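To keep things clear, I will list the structure first and then write my remarks on it.
Bear in mind these aren't lab numbers, they're just calculated from the coordinates by the rules spelled out. These numbers come from a predicted model, not from an experiment. Note that each Cβ is placed from the backbone with ideal geometry, even for glycine, and that neighbours are counted across all protein chains shown.
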Amino acid sequence: MSSFNILVVEDEDAIRGMLMMVLEQSGFEPVIAADAEEAQKALDDNPPDLILLDWMLPGISGVEWARRLKKEPIYRDIPIILLTARGEEEDKVRGLEIGADDYITKPFSPKELVARIRAVLRRSGKIQGLAQITLGDLILDTEQHRLSIGDKQLEVSPTEFRLMHFFMTHPDKVYSRTQLLDQVWGRSVYIEERTIDVHIRRLRKILEEYGREDLVQTVRGFGYRFSIAD
């Protein structure tokens, strides 16, 4: 299963923690938010592959925020799964009518949640063909957790693999250290920004053996960019 970014919007700490744990164990990369305002900021920073959205949120409700997103051309194609304790048929119909792609009634099992997520990703066309990510002669196999240049496999740590996965799925864009920490390590983990620099140096050293250290570029005063462009 390829790794996908899932934006989790849930105001209850216990449920949010449970969702994050289930998603990470299933190979997804969760980004968490407690309300629509926080979720919008996360969305603007880096659009996710799918949104898990609680119906009842403080301030703007989840269903209202979903309705607004589906009106925005830049966001309307992001799949949304609504999470709610409301199990009445009319509520389900309302959720689907505003553009939600699926609807899960609480309480639900982790297996059901993961199965629903994969089904929505499959219907949206995001899953097919993503077992391998290829840029030039760089090949990142998300199922075998292997990184190769041509037919030569590179020895990278799990963290460096995740970092390369993010870079290869977001090429030619500049990311700050804070953004990389959020996307690769997650917002719930406290790590100093200089940790990024350490892993970047290790990654460059590995790539240097194949003359590819310039793929990871330093953008002075901001952060890093990954690019195969000459």
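Tabulated values for the structure
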| read-out | value |
| --- | --- |
| Phi to ³J(HN,Hα) by Karplus 6.51 cos²θ - 1.76 cosθ + 1.60 over region 149-157, Hz, x for Gly, Pro | 10, x, 9, 9, 7, 8, 8, 10, 6 |
| Sorted peptide list for 205-214, 157-166, criterion being average Cβ within 10 angstrom, highest first | 157-166, 205-214 |
| Fewest-first ranking of 84, 195, 134, using other Cβ atoms within 10 Å as the exposure measure | 134, 195, 84 |
| At 1.002 mPa s and 20 °C, Stokes diffusion of region 5-123 via Kirkwood alpha-carbon radius, µm² per second | 153 |
| At q = 0.08, 0.13, 0.17 Å⁻¹, base-10 log of I(q)/I(0) for the chain (Debye sum, equal scatterers on each alpha carbon) | -0.32, -0.81, -1.24 |
| Ranked list, fewest to most other Cβ atoms within 10 Å of each Cβ, for 201, 225 | 201, 225 |
| Segment residue 21-residue 106, extension gain: residue separation times 0.36 nm, minus the distance between their alpha carbons | 28.9 nm |
| Pairs of Cα atoms farther than 17 Å apart, region 135-174, % | 23 |
| Calculated over region 132-226: convex hull of Cα atoms, volume per residue (Å³) | 93 |
| CD proxy at 222 nm, helix term only [per DSSP H run n ≥ 4: -39500 (n - 2.57); per residue of the chain; nearest 500] | -11000 deg cm²/dmol |
| Mean separation of Cα contacts under 8 Å, 6 or more apart, over the residue count of region 5-123: relative contact order % | 22 |
| Rel. contact order, % - alpha carbon contacts under 8 angstrom, at least six apart, the chain | 14 |
| Neighbour-count ranking [beta-carbon atoms within 10 angstrom, fewest first] of 108, 28 | 108, 28 |
| Estimated inter-spin distance, residue 134 and residue 13, nm [label 7 Å along Cα→Cβ] | 4.8 |
